[in-house]
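The values are calculated or read from the model by the stated rules, or taken from the named source; none is laboratory data. Every value quoted in this text rests on a predicted model; they were computed, and no experiment measured them. Using ideal geometry, Cβ is built from the backbone for each residue, glycine included, and neighbour counts are taken over all protein chains shown.
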Amino acid sequence: MRYLVLAIIFTTFTCSAQFDGPGGELGSKSVHKDATSIIAWASGGTLNRGYRQINDTAEGRVAVGTLESALGSFDGSVVSLGDGGSIILTFDSPIQNNEGYDFAVFENGFKVGFSYYLELAHVEVSENGIDYTRFPSECVVDSSFQTNNFSYTKPEELYNLAGKHQAPYGTLFDLEEIGLSEIKYIKLIDVVGSIIDSIGTRDSKGRIINEPFPSPFESGGFDLDAVAAVNGALLKKEERVLKHVRIYPSLAAVNETIHIEAPHNAVVQVSDIQGKIVSTNTTGELKLRKAGMYYVHVTFEGKSFTQKILIH
Ligand SMILES: [Ca+2]
Ligand SMILES: [Ca+2]
């Protein structure tokens, strides 16, 4: 019995959300394609396509898209990198380390119900185009079963990997984290998501990264839509605030208690899908009597954040 309890505690611990959630959710380190914080889009680069399947090179290389598909604004057209393929992007002006996040990578990951299909890439940056620094990534996805093209990945189990957030949200990166003040090159390298040691790739802590593999198609591997320079997308100050905001669960039954934790001077409003306010100044517990989609708006220090909740 004691062992069973320990096993349950351990399972709960290892399955808990570790990093920020899906694009658009409260506290998510992501930016919408139409955000005003986007100041520029990639304007040039070089593409180095990978194989459809790295351990069966007779299948040839992937073919979907061209370098141009990754340039300019997010538009739904992508270039596929293939297994271990890479792309380098350049901008008309260097990307500066401003306060908060500095650039965002948009992949074509998508949501299916409450799950996400995500393909990932390592992110490296360079000032001179020769020496690259990789963002320290983390992946705590269970690696005992191979993620394939029919399985899903939790964004909360990923950190500093492009593709973490579903389209049309870009995954944000902060140059502060790697101590660079300015960069001219962003390199994205497809994560070979195999859990086979000899071909798989690892995060910054040496853990194997488990993501869809194999994907021996024309569109195999990471599918890049766009890369943006951003300024003020999400400031550290806001992030600190968001650390103190928790709304859970985001999927609940009618009359089930939803917990809202927010700073005492935050304004919390809950609206239904038509925009009608159904609750104001709510911090604590909330119960909704009708099924449907609702929005919890948290306003704090002049900034607003919204999280969707679904009542069934
Ligand atoms: Ca920064
Ligand atoms: Ca991959």
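Which one of the conditions (1) in contact (Cβ under 8 Å) with a residue 40 or more places away in the chain; (2) surrounded by fewer than 24 Cβ atoms within 10 Å (Cβ to Cβ); (3) within 16 Å of ligand 2 (Cβ to nearest atom) does Asn128 fail to meet, given that it meets all the rest?
(3) is the only condition that Asn128 fails.
With the requirement that a residue be polar (S, T, N, Q) and in contact (Cβ under 8 Å) with a residue 60 or more places away in the chain, what does the stretch 248-266 give you?
Scanning the stretch 248-266 gives a single hit, Ser250.
Give the number of residues within the stretch 23-37 that are touching a Ser or Thr at 6+ places or on another chain (Cβ under 8 Å) and crowded, with 21+ Cβ neighbours inside 10 Å. Before the answer, list the steps.
Taking the stretch 23-37 first, the residues touching a Ser or Thr at 6+ places or on another chain (Cβ under 8 Å) are 23-26, 29-31, 33.
From the residues that got through so far, the ones that are crowded, with 21+ Cβ neighbours inside 10 Å too are 23, 29-31.
Residues flagged as touching a Ser or Thr at 6+ places or on another chain (Cβ under 8 Å) and crowded, with 21+ Cβ neighbours inside 10 Å within the stretch 23-37 amount to 4.
For the stretch 106-133, which residues satisfy the criterion of being aliphatic (A, V, I, L, M) and not in a loop (DSSP other than H, G, I, E, B)?
To start, the set of residues in the stretch 106-133 that are aliphatic (A, V, I, L, M) comprises 112, 118, 120-121, 123, 125, 130.
Result: Val112, Ala121, Val123, Val125.
Report, ordered by the first and then the second residue, all pairs with beta carbons closer than 8 Å, sequence separation of six or more or different chains, a first member in the stretch 217-240 that is within 16 Å of ligand 2 (Cβ to nearest atom), and a second member that is part of a helix (DSSP H, G or I) and at pLDDT 90 or above.
That search, which allows pairs on different chains as well, returns Leu224/Ser69; Leu224/Ala70; Asp225/Ser69; Asp225/Ala70.
Restricting the search to the stretch 165-191, which residues are within 19 Å of the chain's Cα centre (by Cα), polar (S, T, N, Q) and within 16 Å of ligand 1 (Cβ to nearest atom)?
Initially, the stretch 165-191 is screened for residues within 19 Å of the chain's Cα centre (by Cα), giving 165-178, 186-191.
In the following step, the residues that additionally are polar (S, T, N, Q) were identified as 166, 171.
Selection gives Thr171 alone.
Enumerate the strands (runs of 3 or more DSSP E) found wholly within the stretch 17-65, keeping only those where 2 or more residues are of a type outside the set (A, V, I, L, M, F, W, C).
30-32, 44-48
Which strands (runs of 3 or more DSSP E) sit wholly inside the stretch 220-312 and have at least 3 residues that are among the small types (Gly, Ala, Ser), under 30 Å from Gly50 (Cα atoms) and in contact with a Ser or Thr (Cβ under 9 Å, 6 or more places away or on another chain)?
Details: elements: 223-230, 246-248, 258-261, 267-272, 277-280, 284-286, 292-300, 303-311.
Where strands (runs of 3 or more DSSP E) fall fully within the stretch 220-312 and carry at least 3 residues being among the small types (Gly, Ala, Ser), under 30 Å from Gly50 (Cα atoms) and in contact with a Ser or Thr (Cβ under 9 Å, 6 or more places away or on another chain), they are 223-230.
What residue, of Pro136, Pro94, is part of a loop (DSSP other than H, G, I, E, B) and either within 16 Å of ligand 2 (Cβ to nearest atom) or surrounded by fewer than 16 Cβ atoms within 10 Å (Cβ to Cβ) (or both)? Can you show your working first?
Numbers: Pro94 fails: part of a loop (DSSP other than H, G, I, E, B).
Going through Pro136, Pro94 in turn, just one is part of a loop (DSSP other than H, G, I, E, B) and either within 16 Å of ligand 2 (Cβ to nearest atom) or surrounded by fewer than 16 Cβ atoms within 10 Å (Cβ to Cβ) (or both): Pro136.
Within the stretch 152-209, how many residues are assigned to a strand (DSSP E or B), more than 15 Å from ligand 2 (Cβ to nearest atom) and not hydroxyl-bearing (Ser, Thr, Tyr)?
Counting residues in the stretch 152-209 that are assigned to a strand (DSSP E or B), more than 15 Å from ligand 2 (Cβ to nearest atom) and not hydroxyl-bearing (Ser, Thr, Tyr) gives 8.
Would you call Ser204 under 26 Å from Leu120 (Cβ atoms), modelled with pLDDT of 85 or more and within 25 Å of the chain's Cα centre (by Cα)? Can you show your working first?
Details: under 26 Å from Leu120 (Cβ atoms): yes; modelled with pLDDT of 85 or more: yes; within 25 Å of the chain's Cα centre (by Cα): yes.
Considered against the rule, which asks whether it is under 26 Å from Leu120 (Cβ atoms), modelled with pLDDT of 85 or more and within 25 Å of the chain's Cα centre (by Cα), Ser204 comes out as yes.
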